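Only the coordinates and a few stated rules stand behind these numbers; no lab work does. All values derive from a computational prediction rather than experimental measurement. Backbone-built Cβ (ideal geometry, glycine too); neighbour counts: all protein chains shown.
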Amino acid sequence: MEPALDVVGVGNAIVDVITTVPDSFIVDHDLVKGAMTLVSAERSAELYEAMPPGVAASGGSAANTMAGVASFGGRAAFIGKVRDDQLGEVFVHDIRATGVSFDVPPAPDGPPTARCLVQVTPDAERTMNTCLGTAALLGPADVDTDLVASAGITYCEGYLWDVQVAKDAIRVAMAAAASAGRTVALALSDSFCVERHRHEWLDLIEDRVDVVFANEAEVCALHCTDDFGAALHRTAEMARTVAITRGARGSVAVQGSELAMVPAAEIPEVVDATGAGDLYAAGFLWGLSRGAAVARCAELGSLAAAEVISHVGARPQVALSEFATASGPA
């Protein structure tokens, strides 16, 4: 049966607060530069109070990716959890406004909607401190297995693996996709996530995952090696398709015997690296959903990533379909 959706994403529903800070802010507040750190509600409030004025925008890794897929003209849906509070209303409005279907009922009680404080330093690196709130309570009951089965690709965010109930939700989604004969994709999300869950993820990739997204540090951490070539090769032996981003050096994608090394798309200035990997995945998934060759998928990913790092915020400000049309068919 032909899929009714191109991609469904499963991830944390988060509202980002993004601000520009000097490197001294990172040092003074004992933050781990370039990483995503889970923090308590108290720590989040403390950092928020110390931050300069910023921009609030709905985010979350997989949600950003789905917004990117929709911007390309794809049919996308998102599965995540918000509270029935002000930030929850913001998230629901924003994700639907991008053209992404989102129908998970908000939680009537419990922790608040998740918030991620993003500090962008002059080198455009982003440091994220996330209070997951109710997003971490996404559970199997929140996963619409019929919706998952209707999508050609199910894309799961590695960040969710930090909480057992959310981990169970991912397994339910992956099983539903596999039962329907659909493609399962996993983003490794963060090298610290990889270190926490390496053994589980190696088994998961071997058994259930068709497409792996990672950056160079994450894929090396997965195999406990500094040898990027070896890490790429090992991952490609486990999954059908592997897409690895390498910052300014572009990306490498492998699918069977096909290896593509694609340069980063050129832009005048990197303003904010937030969402670069998320939007790369969006372009790649959109191409994959249309049967594009792996090199073209990587090119689309690079175009989407270049757009999002050219401005503050983790979602595209122009229709990515324009980039795809200008650079050739999917």
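In this structure the amide hydrogen of GLY250, modeled in the peptide plane, comes within under 5 Å of the amide hydrogens of ALA264, none closer than 5 places in sequence on its chain. Put simply, the amide H of THR225, placed in the peptide plane, has no neighbours under 5 Å, leaving out anything fewer than 5 places away on its chain. Can you classify segment 5-326 as rounded, prolate or oblate using the Cα gyration tensor, where a ≥ b ≥ c are the square roots of its eigenvalues, rounded means a/c under 1.5, and otherwise it's prolate if a/b beats b/c and oblate if not? Rounded, because the longest to shortest axis ratio a/c is under 1.5. The equivalent ellipsoid of segment 255-320 has semi-axes of 22, 12, 8 Å, largest first, where each one is the square root of 5 times an eigenvalue of the Cα gyration tensor. Simple rule: put +1 on each Lys or Arg Cβ and -1 on each Asp or Glu Cβ in segment 204-318, find the dipole, and look at MET238, ALA314, SER289; the Cα lying farthest toward the positive end is SER289. DSSP beta bridges confined to segment 5-326 are antiparallel in about 40 percent of cases.
Backbone geometry of segment 200-216 corresponds, through the Karplus equation with coefficients 6.51, -1.76 and 1.60 at θ = phi - 60°, to 3J(HN,Hα) couplings of 5, 6, 4, 5, 5, 5, 4, 8, 10, 9, 9, 10, 10, 10, 6, 9, 4 Hz, x marking Gly and Pro.
Using 0.36 nm per residue and subtracting the Cα-Cα separation, the extra length available between ASP203 and ASP146 on full extension is 18.0 nm.
Remark on VAL271: its backbone amide H falls under 5 Å from those of SER310, HIS311, a criterion applied only to residues 5 or more positions apart or on other chains, H modelled at 1.01 Å from N. Rounded to whole numbers, the Karplus 3J(HN,Hα) couplings from phi for segment 262-277 are 10, x, 5, 5, 7, 9, x, 7, 7, 9, 7, 7, 4, x, 4, x Hz, using 6.51 cos²θ - 1.76 cosθ + 1.60 with θ = phi - 60°, and x at Gly and Pro.
Scalar couplings 3J(HN,Hα) for segment 114-124, obtained by applying the Karplus form with A = 6.51, B = -1.76, C = 1.60 to θ = phi - 60°, are 5, 9, 10, 8, 10, 9, 9, 8, x, 7, 6 Hz; x denotes Gly and Pro.
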